[in-house]
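The structure under discussion appears below in the form of structure tokens.
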Amino acid sequence: MKKTGNAHRFFLNKTEEHMMQIGKKIKNLRLKKGLTQEELGERTDLTKGYISQLERDLSSPALETFFSILEVLGCTPKEFFDEEEREQKVVYGEDDQTGYVDEERGYHIQWLVPESNEKEMEPIRLTLHAAGEFKQFEPSLSETFAYVLNGRVIVRLGRRTYCAKAGEAIYFHASDEHQIINDFDGTSELILVATESYL
């Protein structure tokens, strides 16, 4: 009981200090976790309407409810009330990048942002050597954007083929089988960003 009492006092003190921020912080954590209000409600046995009220600071959660929400959002009370707002990483240097070379197919892929397969978008730098081709992908929900830096590539999308040269952009829904192939005597390079990561 003593532990619960201490936690309750800590919670009350902190909520009084940060009353106007609790709803905003819960919303930010929910969005970072990629959950809708309805999904957060389902995982905490709360209604979407109640989650909405909490996020707009129209209601204050009970201690158990608050801890339950934080558990689903992967955050401890200490982290939640930490005065120093955790700064997100914005700039990624060469040291952050990882790469993979497929000599047989003649391509080199560089992941520009670590753990990008856990994020909404996955940006890569793709280098295709002469006669090189990226692997063929099955249809998916992904959307793909690419910008050709050097050379010229062919995009096979289902039964159709498209050609893009340096300075041109590519954008497609990956609802058909697709593949990117070098269509240049030398090396072709492109920056490619895919959603619903499949790279």
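Descriptive notes on the structure:
- Computed from phi, the 3J(HN,Hα) profile of the range 180-196 under the Karplus parametrisation 6.51, -1.76, 1.60 (θ = phi - 60°) reads 10, 10, 6, 10, 9, 5, x, 8, 10, 10, 8, 9, 10, 10, 10, 9, 6 Hz, with x in place of Gly and Pro.
- Couplings 3J(HN,Hα) for the range 52-59, derived from phi with the Karplus relation 6.51 cos²θ - 1.76 cosθ + 1.60 (θ = phi - 60°), are 4, 5, 4, 5, 9, 6, 8, 8 Hz, where x marks Gly and Pro.
- The calculated FRET efficiency for the pair Thr47 and Asp176, based on their C-beta separation and a Förster distance of 45 Å, comes to about 0.65.
- The loop-placed GluC sites (Glu not before Pro) in the range 20-127, going by DSSP, that have at most 16 neighbouring Cβ atoms within 10 Å of their Cβ come out as Glu83, Glu84, Glu85, Glu87, Glu103, Glu104, Glu115, Glu120.
- Under-5 Å amide H pairs with Asn150, H placed in peptide plane, nonlocal only: Glu189
- By a 1.4 Å probe calculation restricted to protein chains, Glu138 has an accessible surface near 120 Å², given to the nearest 10.
- Near-label residues of the range 44-58 by backbone N, under 15 Å of a point 7 Å along Cα→Cβ of Glu64: 44-46
The values are calculated or read from the model by the stated rules, or taken from the named source; none is laboratory data. These figures come from a predicted structure and were not determined experimentally. A quick note on method: Cβ atoms are made from the backbone with ideal geometry, for glycine too, and the neighbour counts reach across all protein chains shown. For accessibility, only protein heavy atoms count, side chains too; no ligands or nucleic acids. Shrake-Rupley method; radii C 1.70, N 1.55, O 1.52, S 1.80 Å.
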